[in-house]
Amino acid sequence: MLRITHLARTAASRGTRSYSSGMFTKESYKASKEHARTAVETWRKISLFVAIPSVAIMCYVSTKEELDHIHHLQHDPPTFVGYPYLHVRKRKFPYGDGEHTPFWNPLTNPDPEE
C-alpha cells in the first residue's frame, strides 16, 4: 500500500493523471479514449496509403534493376583472373562436385576450369 500511495503522490506532484490519485474523471477518460482512437485511425491510414504502396513501388523498382543486372551478366559475364590464392582446396567439399561452395552461382561466379 505504501508503494501505491508513493506512486500516487509522485504522479500528483508531476501533474500526471493516475487512477490511484483520483485525478481521472470520466470525461478525461473518454477524451483519452477518443484521442487513442483517432491516433490508431491515423496510423492505420498511414500504413494503408503510404507504407504499403511505398513497399510495393520499391519491390517493383528493385526487381526491375535486378533483372536488368542479370540480363547484363548473361551478355557480358565477368572475366576470371586466376590469382594463385584463389580456389585453394586442401580437400574437396563434402557436397556436390566437391569444388563449389553451396553459395556458388554459375551466373555471377566465374569457374576457374572454364
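The values are calculated or read from the model by the stated rules, or taken from the named source; none is laboratory data. Just so it is clear, the structure is predicted and the values come from calculations on it, not from any experiment. Here the Cβ is made from the backbone with ideal geometry for all residues, glycine too, and neighbour counts use every protein chain on show. We work out accessible area using only protein heavy atoms, side chains counted, and drop any ligands, DNA or RNA first. Shrake-Rupley method; radii C 1.70, N 1.55, O 1.52, S 1.80 Å.
Would you mind counting up the charge near Gly98? Only other residues with Cβ under 10 Å from its Cβ, with Lys and Arg at +1 and Asp and Glu at -1. Walk me through the numbers on the way to the answer.
Working: positive: Arg89, Arg91, Lys92; negative: Asp97, Glu99.
Spelling it out: positives minus negatives among the neighbours equals +1.
Taking all protein chains into account, the per residue accessible area for the range 35-102 stands at 90 Å² (1.4 Å probe).
Would you mind classifying the range 32-83 by shape? Square roots of the alpha carbon gyration tensor eigenvalues, ordered a ≥ b ≥ c; an a/c under 1.5 is rounded, otherwise it is prolate if a/b is larger than b/c and oblate if not. Prolate.
Taking 0.36 nm per intervening residue step and subtracting the Cα-Cα distance, what contour gain separates Trp43 from Leu73 on full extension?
Values: separation 30, 0.36 × 30 = 10.80 nm, distance 4.26 nm.
Taking Trp43 through Leu73 to full extension adds about 6.5 nm, to one decimal.
Other residues with beta-carbon under 11 Å from the beta-carbon of Met58 carry, at +1 per Lys or Arg and -1 per Asp or Glu, a net charge of 0.
Heavy atoms only, probe 1.4 Å: what % of the accessible area of the range 25-114 goes to carbon and sulfur, would you let me know? Please list the in-between numbers first.
On the way: 5140 of 8030 Å².
Heavy-atom surface of the range 25-114 belonging to carbon and sulfur, 1.4 Å probe: 64 percent.
Each label point was placed 7 Å from the Cα along the Cα-to-Cβ direction; for Ala51 and Tyr29 their separation is 3.0 nm.
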